[in-house]
Amino acid sequence: MARLLLLSNGHGEDLSGALLGKVLKKTGHQVDALPLVGHGHAYSEAEIEILGQVREFSTGGLGYTSLRGRLTELLQGQVLYLLQRLGRLLQVAHRYDLLVVIGDVIPVMAAWLSFRPVAIYLVAYSSHYEGRLRLPWPCGRCLTSRRVLGIFSRDELTATDLTSQLQRPVSFLGNPFMDPVLTPQARLPACRCRLGLLPGSRRPELEHNLMLLLALVEYLPEQLLTSGELSLDLALVPALDDNSLAAVITHQGWRMQLDPDNETLTRLVLGERHITLRRDSFIKVLQSSDLLISMAGTATEQAVGLAKPVVQLAGMGPQFTAEFAEAQRRLLGPTVFCADGKTGEALNLQNTAKLTVELLKRSLEDRELQAQCQQQAARRLGGAGGGQRLAEAITNLLTVKHQ
């Protein structure tokens, strides 16, 4: 089999790359990874070797961040780090039979400069943003290169659009990041209605997002929270340990305590309001929830792909800003909702609480909304098995190349 190098440039892209890489390894290929930003934890967890020394940045990757985030990138030396990573790529590219790009213009350009054969999964771009995809220069020219053996999109609309624009086939085969969440797991205990809270995964943005979510919960009707019919579940990454979590929530009057009904669980408590903390249960929270309140990127996409309605709560960034949230709604469609009001202010929290109550009821009773969620899941994300289909297509590209 072949030697493959995965190139990606962000947390979500690393996740997709790692999931695709695992399938490629099972097929028999030797697979390494070169994440252009960040530690590439997803690759380590998938037991895919990462080339060179890596470094994490607070913005999580060059791209759609606030002005403050872009300035932070410069101050932290992220641009210089990226150039160093590109230099590493040019040093080692000749060792590989194929470079597999997962991302956007940056890894596309990097792969093109390597003069090696390339397969490209454009997970970061979609025609759903504007109706017609406007590729940044010089991405379009790179994609028409003969060295690019295959191009794969994140949705059918983009595949059709780019096939026309580039005058070459672009295929939609599904999204590897949907495969884990579309695989059935043991669900959380049954309840009449479950509201999942997704604060994201990157620190220190995670802490700020969590404080906003707690403030939002305080605006939810107390009768709803004390009726016993609604469960609030917080999906939290291990990076924020219990001591750090306690320090964050204490500022807003919340405290941590063991769940009296299940002492293996911890609750966040404020008066009669409580939220069940779910660590290492992200997929269970997604699959079991009737509605999600999200301040995350890939997690929101996965929720929509599971046909769940989502309420966005925009934060202060550097990633999940009001601008990012607006772009995400264009990407994911009408089953992603956002309330009016300026980010972080009381009016926005009040409006988001009212919207949440309305959607909780609709998620249980509104057949039209349920059908719309199913339609948008198929249209925007596709079904399970995307990783396997992409791996098979990439293997076929290598077979044709060597004939």
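Any read-out appearing in this document is the output of simple, stated calculations on the displayed coordinates, not a laboratory observation. Computed from a predicted model, the values in this text were never measured in an experiment. All Cβ positions, glycine included, derive from the backbone under ideal geometry; neighbour counts span all protein chains shown.
Give me the lysines in straight-line cross-link reach of residue 22: C-alpha distance below 30 Å, same-chain residues under 8 apart excluded. Candidates past the 8-residue exclusion: 284, 308, 401.
For the chain, take the longest principal axis of its alpha carbons; what is the angle in degrees between that and the long axis of helix 386-401, to the nearest 10 within 0 to 90? Roughly 0 degrees, rounded to the nearest 10.
Summing Lys and Arg as +1 and Asp and Glu as -1 over all other residues whose Cβ lies under 9 Å from the Cβ of residue 96 gives a net charge of +1.
Distance between the modelled labels on residue 251 and residue 367, one decimal in nanometres: 4.8 nm (7 Å Cα→Cβ projection). Only helices enter this figure: runs of n ≥ 4 DSSP H residues, each worth -39500 (n - 2.57), summed and divided by the residues of the chain, yield -13500 deg cm²/dmol at 222 nm to the nearest 500.
The separation of region 30-47 from region 270-348, counted between C-alpha centres, amounts to 27 Å. Would you work out the relative contact order for the chain, in percent, from Cα pairs under 8 angstrom that are 6 or more residues apart? RCO, the chain: 17 percent. A simple rule links phi to the HN-Hα coupling: the Karplus curve 6.51 cos²θ - 1.76 cosθ + 1.60 with θ = phi - 60°, which for region 366-376 gives 8, 5, 5, 5, 4, 5, 5, 4, 5, 5, 5 Hz, with x for Gly and Pro.
Only one item in (i) 33, 27, 20; (ii) 38, 22, 20; (iii) 38, 27, 18 matches semi-axes √(5λ) of the Cα gyration tensor in Å derived from the coordinates shown, and that item is (ii).
Run the dipole for the chain about the Cα centre, Lys and Arg Cβ at +1, Asp and Glu Cβ at -1, nothing else charged, and hand back the magnitude in debye, nearest 20.
Values: 41 positive and 39 negative charges, 296 e Å.
In total the dipole reaches around 1420 debye.
The angle between the Cα long axis of helix 205-219 and the longest principal axis of the Cα atoms of the chain comes to about 30 degrees, rounded to the nearest 10. The phi torsions of region 220-226, fed into the Karplus equation with coefficients 6.51, -1.76 and 1.60 and a -60° offset, translate into couplings of 6, x, 4, 4, 5, 7, 9 Hz, rounded to whole numbers, with Gly and Pro shown as x.
Prolate is the label for region 355-403, because the ratio a/c of its alpha-carbon gyration tensor axes (a ≥ b ≥ c) is 1.5 or higher and a/b is greater than b/c. The stretch between residue 183 and residue 264, if pulled fully straight at 0.36 nm per residue, gains 26.6 nm over its current Cα-Cα span. Mind checking which of 215, 83, 378 is farthest towards the positive end of the chain's charge dipole, using Cβ charges of +1 (Lys, Arg) and -1 (Asp, Glu) about the Cα centre? In the chain, that residue is 83. 3J(HN,Hα) couplings calculated from phi for region 17-25 with the Karplus curve 6.51 cos²θ - 1.76 cosθ + 1.60 (θ = phi - 60°) are, in sequence order, x, 5, 5, 5, x, 4, 5, 4, 5 Hz; Gly and Pro show x. For residue 10, the residues whose modelled amide H falls within less than 5 Å of its own, excluding neighbours fewer than 5 places apart on the same chain, are 36, 37.
The mean sequence distance of close C-alpha pairs (under 8 Å, at least 6 residues apart), as a share of the length of region 316-358, puts its relative contact order at 27 percent. The Cα atoms of region 163-224 give a gyration tensor whose axes a ≥ b ≥ c have a/c of 1.5 or more with a/b greater than b/c, which makes the shape prolate. Projected over every direction and averaged, the convex hull enclosing the alpha-carbon atoms of region 193-380 yields 9.8 nm².
As I understand it, the value is the acute angle between the Cα axis of helix 78-92 and the longest principal axis of the Cα atoms of the chain; what does it come to in degrees, rounded to 10? That helix lies at roughly 40 degrees to the long axis. Applying 0.36 nm per residue to the separation of residue 167 and residue 392 and subtracting their alpha-carbon distance, the gain on full extension is 78.7 nm.
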